[in-house]
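All remarks here apply to the structure that follows.
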Amino acid sequence: MKKKKVKLGDIKSGDVVSFECVPGTFGYGVIVSRIMDGHVAELCKYFGPGPEMPPESNLADTFFPPVILDAFSLIEKAVEGDWRIVGHISNYLPDDRVSNIRFRWGVKGKQSTTDIHNHHEKVSDEEAAKWPNASPSGDWDVKNYLKDQGVDPELLGLA
């Protein structure tokens, strides 16, 4: 499948991305929304043989929490890994646990959180500590996140 050129502004909620883990094995994710400096994505527990759209039922089981992808580097400029948009889920809606997630950013004493709709809120350091960091993830970061979630490092090319 030829890789299609994608601009950052063309990436939308419900887009399905594939990324090569090792030759012949691809992981998948679903774009939830765009926030601050990246795109929130649910990473799927399904791994497949190629960069094409898998059946939607294979995308239902996801890791939690979602991650923020550096879609500019991964998809638009394609400077790391083999990431591409392979399909779209019409009428995609994240489940409640994803809808209620927040990502933290700031420094001690000046913390804020952002939800998947890019709404910002100032919070205490204690409240901020409950949420994942708002840093966009590259290819290596995503693969290490998956390893931390229990995915075999050999499957991810990290062994």
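Taken together, the values in this text are just the output of simple stated rules run on the coordinates, not laboratory data. These numbers were taken from a predicted model, which means no experiment stands behind them. Neighbour counts are summed over all protein chains in view; Cβ atoms, including those assigned to glycine, are modelled from backbone coordinates with ideal geometry.
Of the trypsin sites (Lys or Arg not before Pro) in segment 28-99, the ones in a loop by DSSP (not H, G, I, E or B) with at most 14 other beta carbons within 10 Å are Lys77.
With one equal scatterer per alpha carbon and no solvent term, the Debye-computed log10 I(q)/I(0) for the chain at 0.14 1/Å reads -0.68.
Taking 0.36 nm per residue of sequence separation and removing the Cα-Cα distance, the Asn144/Glu127 pair yields an extension gain of 3.6 nm. Spin-label model, Thr25 to Lys110: label points 7 Å out along the Cα-to-beta-carbon direction sit 4.4 nm apart. Calculate how steeply helix 139-148 sits against the longest principal axis of the alpha-carbon atoms of the chain, using the helix alpha-carbon long axis, and give the answer as 0 to 90 degrees to the nearest 10. With both axes taken from Cα atoms, the answer is about 80 degrees. For segment 110-159, the set of trypsin sites (Lys or Arg not before Pro) satisfying both a DSSP loop assignment and a count of at most 12 other C-beta atoms within 10 Å is given as Lys130.
Hey, with R₀ at 25 Å, roughly what FRET efficiency would His117 and Asp61 work out to, going by the Cβ-Cβ distance, to 0.05?
Values: r = 24 Å, r/R0 = 0.97.
Efficiency for this residue pair is about 0.55.
Between segment 131-159 and segment 40-109, the C-alpha centres lie 12 angstrom from each other.
Could you name the lysines in cross-link range of Lys143, using Cα to Cα under 28 Å and dropping any fewer than eight places away on the same chain? Once the sequence-local lysines are set aside, what remains near Lys143 is Lys2, Lys3, Lys4, Lys5, Lys7, Lys12, Lys45, Lys77, Lys130. Amide H contacts of Thr62 (H built 1.01 Å from N, in plane; Pro and chain starts excluded): Lys45 sit under 5 Å, all sequence-distant by 5 or more or on other chains.
Run a plain Debye calculation on segment 68-159 (Cα atoms as equal point scatterers, no solvent) and give log10 I(q)/I(0) at q = 0.13, 0.14, 0.16 Å⁻¹, rounded to two decimals, same order as the q list. The Cα Debye sum returns log10 ratios of -0.61, -0.70, -0.89.
Taking the Cα atoms of segment 1-47, the ratio Rg/Rh between the radius of gyration and the Kirkwood radius comes to 0.99.
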